[in-house]
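First comes the structure, then the notes that go with it.
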Amino acid sequence: MVWHHRLAWVEDVRPSPAQRAHLLALNTWLYEHGHEDLPVVPHRERSVKVFGNEKVLDRLMSTTLFGEGRLSLELLRARRVAPGFIVETVGPGPVLLVVENSDTFDSLVSVLAAEPGDVGMVGWGAGGGFEQSVLSIGRLRHAVREVRYFGDLDAKGLQIPAGAAALAARENLPEIQPATGLYEAMFHHARPQAGQTRLAETTAHTLTAWLPAHLRSGAASHLTGGTRLAQEEVGFTELTAGGEWRSGLRP
């Protein structure tokens, strides 16, 4: 194997078999196109052209193959796409509250518009879309110093903020923290829904690591037991019945 000079470091990092296959595809692409003045395109468009799959570059960017002197979006002539997400201004505060699902978003906007506290904006994460739209936080007109997130208690609902938090950290954006009071309210009000895949304990503990320590054990029990909690259980009625859920929305 003759590595392209931009990949001369590969043999020193001992990539996994899967990573090596991706690097071989990139090696071929660099030999074929590395001399061209290619336009900078969205990274998933570049990923599908280089690797034959639009999601490969997403996975590679979270590994040690990306970094100083190794892979970069500049090398691949690619850029991250940061679609904006729907936000409603409710007050002058510095906190952005992002909510996974549309109905809970609507209820929280209604309640916080009347009494916003430290929340300046409420954003609709649109499910997994927040893992990309998190990058648009820096473009919001309203200054954001703190970000809180509230989603469903299931595997996907925990993967979304954890993934967004990791990306925000890499891009020097405000830390994505759990809206603790809203999660506590969900544990109090929500009825467990069965039918979920039972996760191994190690997987459950990894997924719940993003939550505050006092909620992790209970959350892991749902994941290993095959149940979930829906954030819609903390609806308009519950939000207007008391204010304990606001405890995690202060800077």
- Query: Mind checking the log10 I(q)/I(0) for the range 133-208 at q = 0.18, 0.19, 0.22, 0.28 Å⁻¹? Debye, one equal scatterer per Cα, no solvent, two decimals.
  - Reply: -0.83, -0.90, -1.08, -1.36
- Translational diffusion coefficient (Stokes-Einstein; Kirkwood radius from C-alpha pairs) of the range 112-251 at 37 °C, 0.692 mPa s, in µm²/s: 210 µm²/s
- Item | For the chain, size of Cβ-based charge dipole, Lys and Arg +1, Asp and Glu -1, in debye | 620 debye
- Query: Among Phe150, Ser136, Asn101, which residue has its Cα positioned farthest towards the positive end of the charge dipole of the range 97-152, with +1 placed on the Cβ of Lys and Arg, -1 on the Cβ of Asp and Glu, and the dipole taken about the Cα centre?
  - Reply: Ser136
- Item | Column: log10 I(q)/I(0), Debye, Cα scatterers of the range 1-142, q = 0.12 Å⁻¹ | -0.63
- Query: Just from the alpha-carbon atoms, what are the Rg and Dmax of the chain in angstroms?
  - Reply: 20.9, 68
- Whose amide H sits under 5 Å from the amide H of Ala209, counting only residues 5 or more places off or on another chain, with H placed in the peptide plane? none
- Largest-first principal axis extents of the Cα set of the range 35-96 (Å): 51, 23, 22
- What is the extension gain from Trp9 to Arg80, computed as 0.36 nm multiplied by their sequence separation minus the C-alpha to C-alpha distance, in nm to one decimal? 23.1 nm
- Message: To the nearest 20 Debye, how big is the dipole of the range 190-251 about its Cα centre, given +1 on the beta carbon of each Lys and Arg and -1 on that of each Asp and Glu?
- Response: 120 debye
- Task: Whole Å is fine, so just give me how far the alpha carbon centre of the range 73-118 lies from that of the range 5-41.
- Result: 37 Å
- Query: So what is the calculated 222 nm ellipticity per residue for the chain, using -39500 (n - 2.57) for each DSSP H run with n of 4 or more, over all residues, to the nearest 500 deg cm²/dmol?
  - Reply: -12000 deg cm²/dmol
- Message: Along the charge dipole of the chain, pointing to its positive end and built from +1/-1 on Cβ of Lys, Arg, Asp and Glu, which listed residue (Phe236, His4, Leu215) has its Cα farthest out?
- Response: His4
- Note on the structure: For 42-51, 156-165, ranked highest to lowest by mean beta-carbon neighbours within 10 Å, the order is 156-165, 42-51
- Calculate how many DSSP beta bridges within the chain are antiparallel, expressed in % of all such bridges and rounded to the nearest 5. 25 percent
- Task: Which order do the peptides 187-196, 146-155 take when ranked by the mean count of other beta-carbon atoms within 10 Å per residue, highest first?
- Result: 146-155, 187-196
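Throughout, read-outs are computed from the coordinates displayed, never taken from laboratory work. Values in this document were obtained by computation on a predicted structure and should not be read as measured data. Cβ coordinates were reconstructed from backbone atoms using ideal geometry, including for glycine residues, and neighbour counts include every protein chain displayed.
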